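*Asks:* I'd like to ask some things about the structure below.
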Amino acid sequence: ERDLISKEFLYYCLTSENLQKQIEDNKRAVGVPKLALKRIETLKIPLPPLDIQDQIVKECQKVDDEVLKANETIEQSEKNILEVMNSSQNNSIMKLGDACDMKAGKFVSANDIFDENNGGLYSCFGGNGQRGFTKTFTHDGSYPIIGRQGALCGNIKLAQGKFHATEHAVVVTPLIEMNIKWLYHQLILLNLNQYATGTAQPGLSVNNIKTVSIQVPPLETQKQIVSKIETLEVRINEDKKIIDSAKEKKEEILR
């Protein structure tokens with residue numbers, strides 16, 4: 001009923017962390033999880049006067065608009081990164097295996113991988129990207145890493161400092177003079193997941209991706225490209241902060 005509550009205000013209440021937790025707690029988990037209408041009817045929501053509801057809705061919508069704009073800016077920045085990476089005309093065409101050395105890391109037991117870094121631990125990279133922290137490290141420096149096993153095989157991460165690469169992560173080391181950050185973005189462009197084999201547990205063969213062709217511009221051009229990309233990445237990170245803080249902002253408005 002509009003004379004008690006507005007639909008927009010009700011929407012923001014129902015999507016709030018507090019109500020979502022209550023709804024989750026009231027699910028019947030036997031068989032297919034479902035909500036009983038009678039249980040939902042007992043949930044309590046705040047009910048301020050309509051003019052306050054309208055003000056809350058207005059402020060929450062403002063946050064949603066900021067998120068929408070941030071997502072649009074990120075999408076445009078990512079397109080710009082793609083354009084910058086493809087901007088060089090003076091390129092040498094090489095096989096990936098001739099330009100880079102690619103070696104898998106070392107096995108580490110799942111029991112020796114920790115969810116949090118409580119001090120003195122190193123980032124651990126596996127087949128699907130970073131998977132926690134270890135007491136040991138296999139590399140020290142700046143290296144692109146290709147995940148070679150799992151649903152996300154072909155994903156590219158940039159590891160810096162001391163880190164542990166598992167046997168499911170391929171560490172890439174240039175064999176020619178090359179800007180590491182440029183190489184990282186070039187590997188992303190190659191979309192290596194398309195070379196995965198296997199269905200139950202997809203994987204990448206290093207021998208297969210060695211034959212993939214890459215276009216390598218002169219080192220000075222690589223540096224110029226990276227400089228432009230880093231400016232775009234700063235903007236992307238700022239927009240991601242807006243998106244990440246949106247939920248808490250709306251919770252604060254509702255409180």
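*Asks:* Evaluate the charge dipole of segment 86-224 about its Cα centre and quote only its size in Debye, nearest 20, assuming +1 on the Cβ of each Lys and Arg and -1 on the Cβ of each Asp and Glu. Could the numbers behind the result be given before it?
*Replies:* Numbers: 11 positive and 9 negative charges, 21 e Å.
I would put it at about 100 debye.
*Asks:* Positive end of the charge dipole of segment 31-134 (Lys, Arg +1 and Asp, Glu -1 on Cβ, about the Cα centre): tell me which of 121, 42, 99 has its Cα farthest that way.
*Replies:* Farthest along the dipole direction, towards plus: 42.
*Asks:* What list of ³J(HN,Hα) couplings, whole Hz, do you get for segment 189-204 from phi and the Karplus terms 6.51, -1.76, 1.60, once you set θ to phi - 60° and write x for glycine and proline?
*Replies:* Rounded to whole hertz, the list is 4, 5, 6, 5, 4, 5, 9, 5, 10, x, 10, 4, 9, x, x, 10.
*Asks:* Sticking with this one: Scan the chain and hand back the longest stretch that contains none of the GluC sites (Glu not before Pro) lying in DSSP loops with at most 10 other Cβ atoms within 10 Å. Don't skip to the answer; put the middle values down first.
*Replies:* Values: sites that count: 1, 116, 177.
The reported range is 2-115.
*Asks:* Sticking with this structure for a sec: Calculated FRET efficiency, residue 118 and residue 201, Cβ-Cβ r, R0 35 Å, to nearest 0.05? Before the final figure, lay out each step's value.
*Replies:* Numbers: r = 32 Å, r/R0 = 0.90.
Computed FRET efficiency for residue 118 and residue 201: 0.65.
*Asks:* Mind counting lysine pairs for me in segment 67-186? Cα separation below 15 Å, and the two need to be 8 or more apart along the chain or on different chains. Please report the intermediate quantities before stating the final value.
*Replies:* Working: 103/157; 106/135; 106/162; 135/162; 157/181.
Lysine pairs, 8 or more places apart or on different chains, close enough: 5.
*Asks:* Next up: Under a point-charge model restricted to the Cβ atoms of Lys and Arg (+1) and Asp and Glu (-1), what is the dipole moment magnitude of segment 163-237 relative to its Cα centre, in debye to the nearest 20?
*Replies:* Numbers: 5 positive and 5 negative charges, 26 e Å.
Rounded to the nearest 20 debye, it is 120 debye.
*Asks:* Still on this structure: Under 21 Å from the Cα of residue 62, which lysines turn up, not counting those fewer than eight places away in the same chain?
*Replies:* The reachable lysines, counting only those whose Cα sits under 21 Å from residue 62, are 7, 240, 241, 247, 249, 250.
*Asks:* Rounded to the nearest 20 Debye, what is the dipole magnitude of the chain about its Cα centre when Lys and Arg each give +1 and Asp and Glu each give -1 at the C-beta? If you can, show how the numbers build up before the last one.
*Replies:* Working: 32 positive and 34 negative charges, 162 e Å.
In total the dipole reaches around 780 debye.
*Asks:* If R₀ is 51 angstrom, what is the calculated FRET efficiency for the pair residue 88 and residue 40, using the beta carbon separation as r and rounding to 0.05? Write out the running numbers ahead of the final one.
*Replies:* Numbers: r = 58 Å, r/R0 = 1.14.
The pair residue 88/residue 40 has a calculated efficiency of 0.30.
*Asks:* Obtain the nm distance between the two label points defined at residue 160 and residue 252 by a simple spin-label model: each point lies 7 Å from its Cα along the Cα-to-C-beta direction.
*Replies:* Placing both labels 7 Å beyond Cα along the Cβ direction yields 2.8 nm.
*Asks:* In Å and whole numbers, how far do the C-alpha atoms of the chain stretch along each principal axis, longest first?
*Replies:* Largest first, the chain extends 72, 43, 38 Å along its Cα principal axes.
*Asks:* Please identify which residues in segment 189-228 have an amide N closer than 19 Å to a label point set 7 Å out from the Cα of residue 110, following the Cα→Cβ vector.
*Replies:* Label zone hits: 200-203.
*Asks:* Before anything else, pin down the relative contact order of the chain: Cα pairs under 8 Å, at least 6 apart, normalised by residue count, whole percent. Display every interim value, and only then the final one.
*Replies:* Working: 385 pairs, mean separation 56.7, N = 255.
Computed value for the chain: 22 percent relative contact order.
*Asks:* Please work out how much length the chain gains when fully extended from residue 137 to residue 59, using 0.36 nm per residue of separation minus the C-alpha to C-alpha distance, in nm with one decimal. Could the numbers behind the result be given before it?
*Replies:* On the way: separation 78, 0.36 × 78 = 28.08 nm, distance 4.74 nm.
In short, 23.3 nm is gained.
*Asks:* Just grab the label-to-label distance for residue 79 and residue 233, each label 7 Å out from Cα along the Cβ direction, in nm (one decimal).
*Replies:* It is 2.2 nm.
*Asks:* So, one more: Please give, to one decimal in nm, the separation of the simple spin-label points placed at residue 25 and residue 193, each 7 Å out from Cα toward the Cβ.
*Replies:* 3.7
*Asks:* While we're on this one: At 222 nm, what value in deg cm²/dmol follows for the chain if DSSP H runs of at least 4 each add -39500 (n - 2.57) and the sum is divided by all its residues, to the nearest 500?
*Replies:* Details: 8 runs with 112 residues, N = 255.
My calculation for the chain gives -14000 deg cm²/dmol from helical runs alone.
A short reminder: the numbers here are calculations on the coordinates, not readings from a lab. Quick caveat: nothing in here was measured; it's all calculated off a predicted structure. Positions of Cβ are backbone-derived with ideal geometry, glycine not excepted, and every protein chain shown enters the neighbour counts.
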